[in-house]
Amino acid sequence: MPDQLIAGNWKMHGTVAWSLALVEELKHRNLDALNAEVCICPPFTALYAVHQALRGTEIKLGAQDVFWKDQGAYTSQIAPPMLTELGVSYVIIGHSETRGRFGVPEPDFTDEILRHFGENDATVNLKVKAALLHGLTPIICVGETLAERQAGQTDAVITAQVKRDLQGLDPAEIGCLVFAYEPVWAIGTGEVCDAPEANRVCALIRRIATELCGEENAQGLRVLYGGSVKPDNAHDLLAQPHIDGALVGGASLSAASFAEIVSHAHKIANHRNNGA
Ligand code: 13P
């Protein structure tokens, strides 16, 4: 089993100066010595500087989105080769803050426009294919809204997202992917999904992907949990058998709390390696 992956999604936080200061703090914590794979995803504007600063460490660099064309008249978009040139290895695709939810009635439409950028499973699918073509590892985010959970639609929503996001991929490609189960209602709310339930949905994601790619290819697949992961709930979540890591938002903006989450993954890996 590969090491757990702890990825920090910095979202729209961090000037270059702020990002470099956080990287320095992370370097002091010597995360390379721990038994976990670590990735940080700063804003696009800080990628180059952070890539330079990460030299000589094992910390991987991730981007928060990617467009599916290599170049062209697509104002504001970032192409896969622009990311690989900067040493990016992971890319978050289909985060709920970029997916559109315009079909779902929301209490505050203005807030909806501010939070979402009209991403859907078709664009996620195109981005996943483009990322793979350029050697980037997608971290595909899926998750249900509170209304969908309350209506008992969680499994149907997740199943549909995973199937549509993977449409037309080779079985071997599916085996290289990372999924992140991020229930929309748990993101930035402090309301974490309870660990056995997060484990159940992560297992569902793995099952659907395995049906599409076969048991052998699925060995390399990782399913993370994201949504209010903090140092005090990380152990419970990461110790679940079907959770292969975490996608951390707010808590990744502090070196101390991010490092504590990584150290939980390390302790669990050691425990497992010792056959316990
Ligand atoms: P929080 O950890 O702040 O809830 O964010 C989760 C997330 O969206 C990671 O992609």
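The values are calculated or read from the model by the stated rules, or taken from the named source; none is laboratory data. From a predicted model like this one, the values you see are computed outputs, not experimental measurements. Please note: Cβ atoms are built from the backbone with ideal geometry, for glycine as well, and neighbour counts cover all protein chains shown. Quick note on the areas: whole protein, heavy atoms, side chains included, nothing else; ligands and nucleic acids left out. Shrake-Rupley method; radii C 1.70, N 1.55, O 1.52, S 1.80 Å.
Data for the structure
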{"read-out": "Number of positions in region 148-170 that are assigned to a helix (DSSP H, G or I), open to solvent by 60 Å² or more (accessible area, probe 1.4 Å) and of a type outside the set (D, E, K, R)", "value": "2"}
{"read-out": "Unique match (being under 28 Å from Gln153 (Cβ atoms), of a type outside the set (S, T, N, Q) and away from the ligand (no atom under 12 Å from the Cβ)) among Ala186, Ala180, Ala218", "value": "Ala218"}
{"read-out": "Options Ala246, Ala234, Ala256, Ala269; residue that is surrounded by fewer than 16 Cβ atoms within 10 Å (Cβ to Cβ) and not in a loop (DSSP other than H, G, I, E, B)", "value": "Ala256"}
{"read-out": "Residue within region 195-211 that is more than 16 Å from the ligand (Cβ to nearest atom), outside any helix (DSSP H, G or I) and of a type in the set (Gly, Ala, Ser) present", "value": "no"}
{"read-out": "Residues that are in contact (Cβ under 8 Å) with a residue 40 or more places away in the chain and part of a helix (DSSP H, G or I), drawn from region 217-231", "value": "Asn217, Ala218"}
{"read-out": "Residue ranges of strands (runs of 3 or more DSSP E) in region 1-93 with at least 1 members farther than 19 Å from Ser257 by Cβ", "value": "60-63, 90-93"}
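Per-residue answers, yes or no, for (1) touching a residue at least 12 places away in the same chain (Cβ under 8 Å); (2) within 15 Å of the ligand (Cβ to nearest atom); (3) surrounded by fewer than 21 Cβ atoms within 10 Å (Cβ to Cβ):
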{"site": "Phe44", "(1), (2), (3)": "yes, no, yes"}
{"site": "Thr57", "(1), (2), (3)": "yes, no, yes"}
{"site": "Lys60", "(1), (2), (3)": "yes, no, yes"}
{"site": "Gln77", "(1), (2), (3)": "no, no, yes"}
{"site": "Met82", "(1), (2), (3)": "no, no, yes"}
{"site": "Thr98", "(1), (2), (3)": "yes, yes, yes"}
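Residue-wise test of (1) surrounded by fewer than 23 Cβ atoms within 10 Å (Cβ to Cβ); (2) within 16 Å of the ligand (Cβ to nearest atom); (3) of a type outside the set (Ser, Thr, Tyr); (4) more than 15 Å from Gly249 (Cβ to Cβ).
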{"position": "Gly8", "(1), (2), (3), (4)": "no, yes, yes, no"}
{"position": "Val16", "(1), (2), (3), (4)": "yes, no, yes, yes"}
{"position": "Leu20", "(1), (2), (3), (4)": "yes, no, yes, yes"}
{"position": "Leu47", "(1), (2), (3), (4)": "no, no, yes, yes"}
{"position": "Gln52", "(1), (2), (3), (4)": "yes, no, yes, yes"}
